[in-house]
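The values are calculated or read from the model by the stated rules, or taken from the named source; none is laboratory data. Worth saying up front: this structure is predicted, and the values here are computed from it rather than measured. Because the Cβ atoms are built from the backbone with ideal geometry, glycine has one as well, and the counts that use them run over all protein chains shown. Note: accessible area is taken over every heavy atom of the protein model, side chains too, but ligands, DNA and RNA are not part of it. Shrake-Rupley method; radii C 1.70, N 1.55, O 1.52, S 1.80 Å.
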Amino acid sequence: MANSVSKPFPRHLLAPPDPAELPLPPPARPAEGVRLLRGAVYGVLDASRPLVVDLWLPEDVGGPVPLVVFVHGGGWRTGTRDAVGPRFQNWRPGPFARLAQAGFAVASPDYRLSGEATHPAQAEDLAACLDWLHTRAADLNIDTTRTVLWGESAGGHLAALTALTQHRRRGSATVTGCVTWYAPTDLAGLAEDHPGGAFDPRNPSTRESLLLGGAVADRPKQARDASPVTHVGPDAPPFLILHGTDDVLVPAQQSVRLAEALRAAGHDPELRLLPGGNHLWVGLSDEDVENCYALTADFARRCTSA
């Protein structure tokens with residue numbers, strides 16, 4: 001009997017899958033005229049969970065449709081990709097389905113939270129998602145040259161940071177507009193903007209410090225790099241900036257800082273400060289909350305000619 005010769009193990013089989021080649025999830029139909037692809041893998045990282053994105057797509061459309069990318073909040077520490085905020089949890093159909101019914105594709109990605117990785121991991125994940133969406137544009141029937149970023153709270157921070165730096169990337173989606181809801185924009189300025197010393201930049205346990213991997217006061221370089229106002233330049237896209245005047249978690253002055261930086265760079269951002277509005281739109285009437293959403297949808301339409 002002849003001796004068997006062992007063959008080397010095909011180690012290429014151990015390589016992580018390429019998200020650009022993975023099959024898309026089967027569609028669900030959560031609302032009339034809407035297809036939902038839940039949990040498409042857009043990123044596979046070493047020693048980390050796969051990163052996924054939900055895709056809300058309009059049915060029965062002709063050519064490629066414009067894209068809205070929603071970035072969830074949660075202080076970079078928590079949050080889920082399908083949550084726009086508690087004021088919208090009872091909407092039927094929900095905010096994403098409504099945008100899809102209006103002719104937009106909506107992508108809502110996961111990203112690494114600060115307990116998993118510190119800045120700039122979160123912005124890198126969002127940029128990777130935009131790369132993936134651009135690569136899969138034909139499969140999804142989307143036009144990534146017409147992409148609007150929209151985020152609330154920490155997600156608004158990430159949306160703004162990405163919108164202001166995305167022009168440096170090639171082979172990716174083109175950001176043509178950005179919407180921020182009650183977003184931090186200047187981490188080094190938070191202590192000044194919070195009344196009565198409510199924010200301690202030396203405290204390593206704040207949401208911002210956990211994002212940076214240390215107290216804001218001890219990480220000036222990281223705080224500057226993580227602040228959207230630092231990256232404002234001539235290539236900034238149009239911005240719609242919404243913030244409540246009574247926000248106790250992220251002062252409205254943070255949105256004013258972003259608007260002022262954009263104006264100083266020659267842009268004309270639309271800044272809306274909503275009287276009586278607190279974080280998550282607490283304190284606003286249902287009509288005012290509806291109007292925040294309508295302003296966002298109208299802005300996305302103007303920025304994509306949809």
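Tallying residues that are open to solvent by 40 Å² or more (accessible area, probe 1.4 Å) and either in contact with a strand residue (DSSP E or B) (Cβ under 6 Å, 6 or more places away or on another chain) or under 30 Å from residue 288 (Cβ atoms) (or both) within the range 201-240 yields 2. A residue that is free of Cβ contacts under 8 Å to residues at least 60 places away in the same chain, open to solvent by less than 30 Å² (accessible area, probe 1.4 Å) and farther than 26 Å from residue 176 by Cβ occurs nowhere in the range 253-266. Does residue 243 satisfy the criteria of being surrounded by 23 or more Cβ atoms within 10 Å (Cβ to Cβ), modelled with pLDDT of 95 or more and either β-branched (Val, Ile, Thr) or not in a helix (DSSP H, G or I) (or both)? Against the criterion (surrounded by 23 or more Cβ atoms within 10 Å (Cβ to Cβ), modelled with pLDDT of 95 or more and either β-branched (Val, Ile, Thr) or not in a helix (DSSP H, G or I) (or both)), residue 243 qualifies. Within the option set 170, 146, being basic (Lys, Arg) and either in contact with an Asp or Glu (Cβ under 6 Å, 6 or more places away or on another chain) or without any contact (Cβ under 8 Å) to a residue 40 or more places away in the chain (or both) holds for one residue only, 170.
Looking at the range 144-155, can you tell me whether even one residue there is in contact with a helix residue (DSSP H, G or I) (Cβ under 7 Å, 6 or more places away or on another chain), open to solvent by 20 Å² or more (accessible area, probe 1.4 Å) and of a type outside the set (A, V, I, L, M)? Yes; the residues of the range 144-155 include at least one that is in contact with a helix residue (DSSP H, G or I) (Cβ under 7 Å, 6 or more places away or on another chain), open to solvent by 20 Å² or more (accessible area, probe 1.4 Å) and of a type outside the set (A, V, I, L, M). The lone criterion from (1) more than 17 Å from the chain's Cα centre (by Cα); (2) within 16 Å of residue 293 (Cα to Cα); (3) hydrophobic (A, V, I, L, M, F, W, C) left unmet by residue 57 is number (2).
Could you tell me whether residue 19 is open to solvent by 30 Å² or more (accessible area, probe 1.4 Å), within 24 Å of the chain's Cα centre (by Cα) and either at pLDDT 95 or above or within 27 Å of residue 114 (Cα to Cα) (or both)? Reasoning before the result, please.
Numbers: open to solvent by 30 Å² or more (accessible area, probe 1.4 Å): no; within 24 Å of the chain's Cα centre (by Cα): yes; either at pLDDT 95 or above or within 27 Å of residue 114 (Cα to Cα) (or both): yes.
Taking the combined requirement at face value, the residue does not satisfy it.
Only residues that are hydroxyl-bearing (Ser, Thr, Tyr) and without any contact (Cβ under 8 Å) to a residue 24 or more places away in the chain: list them for the range 1-52, please. Walk me through how you get there before you give the answer.
Applying the first criterion (hydroxyl-bearing (Ser, Thr, Tyr)) to the range 1-52 yields 4, 6, 42, 48.
Listed by number, the residues that qualify are 4, 6.
On the basis of being open to solvent by less than 60 Å² (accessible area, probe 1.4 Å), modelled with pLDDT of 95 or more, under 27 Å from residue 129 (Cβ atoms) and part of a helix (DSSP H, G or I), does residue 159 make the cut? First the steps, then the outcome.
On the way: open to solvent by less than 60 Å² (accessible area, probe 1.4 Å): yes; modelled with pLDDT of 95 or more: yes; under 27 Å from residue 129 (Cβ atoms): yes; part of a helix (DSSP H, G or I): yes.
Answer is yes for this residue.
Condition test on residue 271, is it farther than 15 Å from residue 68 by Cβ, assigned to a helix (DSSP H, G or I) and of a type in the set (A, V, I, L, M, F, W, C)? So residue 271 does not fit the description; no.
Being under 18 Å from residue 149 (Cβ atoms), among the aliphatic types (A, V, I, L, M) and not in a loop (DSSP other than H, G, I, E, B), is that true of even one residue in the range 229-239?
First, pick out the residues of the range 229-239 that are under 18 Å from residue 149 (Cβ atoms): 229-233, 235-239.
Those still in the list that are among the aliphatic types (A, V, I, L, M) too: 229, 232, 236.
After this cut, where a residue has to be not in a loop (DSSP other than H, G, I, E, B) as well, the list is 229.
Within the range 229-239 (the criterion being under 18 Å from residue 149 (Cβ atoms), among the aliphatic types (A, V, I, L, M) and not in a loop (DSSP other than H, G, I, E, B)), the answer is yes, since at least one residue qualifies.
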